[in-house]
Amino acid sequence: AHSQAIGAPKIPSVRWQDIGGLQQVKKEILDTIQLPLEHPELLSLGLRRSGLLLYGPPGTGKTLLAKAVATECTMTFLSVKGPELINMYVGQSEENIREVFSKARTAAPCIIFFDELDSLAPNRGHSGDSGGVMDRVVSQLLAELDGLHSSGDVFVIGATNRPDLLDQSLLRPGRFDKLVYVGVNEDRESQLQVLKAILRKFKVDPSVCLSEVVESCPPQLTGADLYALCSDAMMCSIKRKISRIAEGVDSELSALTLCSEDFRQALSGLQPSVSEQQLNRY
Ligand code: ATP
């Protein structure tokens, strides 16, 4: 029985320039994945292969980063969400994990992205894990991770909002042993970079001053918050256009351009999705 949860690996289309800010994080990811991929001989010279764990609040770009590194290194990308792999039938969860790694090897070079890794591997021996399903899932995952060292071109990236819940055995050397924090954008410069990256896909009136837009933003915004700001501005632009058409001063819905007024309106409804209290967890 094949799980429907596991899709086919394919090369994504997210580029580095679609991701604003996060310079240091991008560099660490590239060093971890691209270097051993392009120079496999370094592995026999003692370069240690690592699995990456991206951790931090929701909406900060973890998925985007994992996809972009696959695109930029021309690798296929296999994304699995932890909860999707868990199956109530005896043995099926472990089989799902085997299948993930087997598909990845066939599609190598490949990045396996484990989103919500904490849900796949909550601390063993805890919670109401009847029948020890989670124990077996974690054991299977560890076996697969350890087996990766013989094949040089399958990499794993995990993502979690709750690194504190992870089974410590997953973090040992050679497994998810490189921990990279992906946080909120706290300074104006990184907010501006994220905004610019997002707006590559929108049409913005030249009169809009993006530095002013970020000056009016609350601090500590995630990339997802800034994306919400842009799509709200887009909604304002659409409404404005529709009422102009109703007034008869405009004729078509195409050629939508975001102007300062759209951003002003969108800003009035902007709320940071991650609270100070949540941030203190990391
Ligand atoms: P989760 O923990 O909820 O899975 P995540 O950290 O994986 O969240 P993403 O799915 O990568 O977050 O980001 C959500 C959306 O926010 C992206 O699709 C993108 O539109 C926007 N976004 C986040 N970070 C950035 C960034 N640095 N630059 C541009 N867009 C971003």
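The values are calculated or read from the model by the stated rules, or taken from the named source; none is laboratory data. Worth saying up front: this structure is predicted, and the values here are computed from it rather than measured. Cβ sites come from the backbone with ideal geometry, for glycine too, and all protein chains shown count toward neighbours. For the accessible areas, the whole protein counts, side chains as well, though only heavy atoms, and no ligand, DNA or RNA atoms are used. Shrake-Rupley method; radii C 1.70, N 1.55, O 1.52, S 1.80 Å.
Per-structure values
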| read-out | value |
| --- | --- |
| Using a Förster distance of 41 Å, the FRET efficiency for residue 74-residue 247 (Cβ separation, nearest 0.05) | 0.20 |
| Stretch gain in nm, segment residue 239-residue 35, where the contour uses 0.36 nm per residue and the Cα spacing is subtracted | 68.6 nm |
| The stretch 236-282, dipole about Cα centre (Lys/Arg Cβ +1, Asp/Glu Cβ -1), debye to the nearest 20 | 120 |
| 14 Å cut-off, amide nitrogen to a point 7 angstrom out along residue 18 Cα→Cβ, residues in the stretch 26-67 | 61-67 |
| Descending semi-axes in whole angstrom, ellipsoid equivalent of the stretch 1-69, from the Cα gyration tensor | 23, 20, 12 |
| Residue-wise HN-Hα coupling along the stretch 80-97, computed from phi with Karplus coefficients 6.51, -1.76, 1.60 (Hz; x: Gly, Pro) | 10, 8, x, x, 5, 7, 7, 10, 6, 6, 4, x, 6, 4, 5, 4, 4, 5 |
| Cβ charges +1 (Lys, Arg) and -1 (Asp, Glu), total dipole of the chain, debye | 360 |
| Lys pairs, the chain - Cα-Cα below 20 angstrom, 8 or more residues apart or on other chains | 27 |
| Relative contact order (%) - criterion: Cα under 8 Å, at least six apart; region: the chain | 23 |
| FRET efficiency for residue 89 and residue 172, using Cβ-Cβ distance with R0 set to 45 Å, rounded to 0.05 | 0.95 |
| Proximal charge balance of residue 11 [Cβ under 15 Å; K/R count +1, D/E count -1] | +1 |
| Accessible area expressed per residue, the stretch 191-241, with surrounding protein chains retained (probe 1.4 Å, Å²) | 49 |
| Distance cut-off 29 Å, percentage of C-alpha pairs in the chain lying past it | 43 |
| Listed residues 110, 57, 20: farthest to the positive end of the dipole of the chain (Cβ charges) | 110 |
| Inverse mean reciprocal Cα-Cα distance (Kirkwood Rh) of the stretch 118-262, Å | 19.5 |
| Degrees separating the helix 223-247 axis from the principal Cα axis of the chain, which is the longest one | 40 |
| Relative packing of peptides 226-234, 198-206 - highest average C-beta neighbours within 10 Å first | 226-234, 198-206 |
| Long-range HN-HN contacts of residue 77 with modeled amide H, under 5 Å | 10, 11, 111 |
| Once the Cα gyration tensor of the stretch 27-127 is diagonalised, semi-axes √(5λ) in Å | 26, 17, 14 |
